[in-house]
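This report refers to the structure that appears directly beneath it.
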Amino acid sequence: MTSEVDSLIDQMTDKLQELLQQQGITDPLLVGIHTGGTWVAQRLHQKLALSRPLGELNISFYRDDFTRAGLNPQVSPTQLPFSVDNEHIILVDDVLYTGRTIRAAMNELFDYGRPSSIILAILIDRGGRELPVCADVTGASLDLDNSEQVKLSGPVPLQFSVVQTGT
């Protein structure tokens, strides 16, 4: 599945370049959502040849299930080595499912400032939305049932698999 991920990232790069050109955006900031989104964002950052540093969001404190699930013991800090005010942001994640991760990520971004725009780029859209969130750029869409989930492993090699959750 490694070559498949590489192919999806190539497609995402082409779609992002086209979208950026259509919108007249010449110097966007790229922000990955920890962990899988950051792995995908690192690849996109390189392929897009962006000059400004890559940002990384850790949304653990922004999740709406934080009080139920508790804090992940391996929480790493958010790293945004730039101001987001009046910037065009490409927000990257590995899998889009319910939309709750993206909502949490946008909440955190807005705590750092007010971007001019946010483009959402997702490696895999697996459907099943609970919130009205739609990706601007998607590598692939999969039709999975509730007993399946997408697992991204990496960063090298970067690959995904569909696994049964036992539900």
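The values are calculated or read from the model by the stated rules, or taken from the named source; none is laboratory data. Here the structure is a predicted model, which is why all the values come from computation and not from measurement. Every residue, glycine as well, gets a Cβ built from its backbone with ideal geometry; the counts of neighbours run over all protein chains shown.
Quick check on my filter: what residues within the range 1-55 are hydroxyl-bearing (Ser, Thr, Tyr) and in contact with a helix residue (DSSP H, G or I) (Cβ under 6 Å, 6 or more places away or on another chain)?
Correct list: THR13 only.
Limited to the range 21-49, what total is found for residues that are small (Gly, Ala, Ser) and under 17 Å from GLY139 (Cα atoms)?
Counting residues in the range 21-49 that are small (Gly, Ala, Ser) and under 17 Å from GLY139 (Cα atoms) gives 4.
Could you tell me whether the range 102-110 includes any residue that is under 19 Å from THR38 (Cα atoms), of a type in the set (S, T, N, Q), out of contact with any Asp or Glu (no Cβ under 9 Å at 6 or more places or on another chain) and in contact (Cβ under 8 Å) with a residue 24 or more places away in the chain?
yes
Given SER147, SER141, SER161, which one is modelled with pLDDT of 90 or more and either under 24 Å from LEU16 (Cα atoms) or out of contact with any Phe, Trp or Tyr (no Cβ under 7 Å at 6 or more places or on another chain) (or both)?
Selected residue: SER141, the only one of SER147, SER141, SER161 that is modelled with pLDDT of 90 or more and either under 24 Å from LEU16 (Cα atoms) or out of contact with any Phe, Trp or Tyr (no Cβ under 7 Å at 6 or more places or on another chain) (or both).
Scan the range 96-117 for residues that are among the hydrophobic types (A, V, I, L, M, F, W, C) and more than 12 Å from the chain's Cα centre (by Cα) and jot them down.
Once the filter is applied, which keeps residues that are among the hydrophobic types (A, V, I, L, M, F, W, C) and more than 12 Å from the chain's Cα centre (by Cα), the range 96-117 yields LEU109, PHE110.
Inside the range 125-152, can you point out the residues that are surrounded by 14 or more Cβ atoms within 10 Å (Cβ to Cβ) and among the hydroxyl-bearing types (Ser, Thr, Tyr)?
THR138
Any idea how many residues of the range 1-36 are in a helix (DSSP H, G or I) and of a type in the set (Ser, Thr, Tyr)?
4
So ASP85 fits all but one of (1) modelled with pLDDT of 95 or more; (2) of a type in the set (Asp, Glu); (3) surrounded by 12 or more Cβ atoms within 10 Å (Cβ to Cβ); what number is the exception?
Answer for ASP85: the failing condition is (3).
Quick one: what pairs do we get from the range 17-46, first residue of a type in the set (Phe, Trp, Tyr) and buried (at least 22 other Cβ atoms within 10 Å of the Cβ), second at pLDDT 95 or above and part of a loop (DSSP other than H, G, I, E, B), C-beta under 8 Å, 6+ apart or different chains?
Close Cβ pairs satisfying both conditions: none exist.
Could you tell me which residue of the range 135-167 is farthest from the chain's Cα centre (by Cα), considering only residues that are of a type in the set (S, T, N, Q) and not in a strand (DSSP E or B)?
THR167
Using the structure shown, decide if PRO115 is modelled with pLDDT under 95, surrounded by 13 or more Cβ atoms within 10 Å (Cβ to Cβ), part of a loop (DSSP other than H, G, I, E, B) and not β-branched (Val, Ile, Thr).
It is false that PRO115 is modelled with pLDDT under 95, surrounded by 13 or more Cβ atoms within 10 Å (Cβ to Cβ), part of a loop (DSSP other than H, G, I, E, B) and not β-branched (Val, Ile, Thr).
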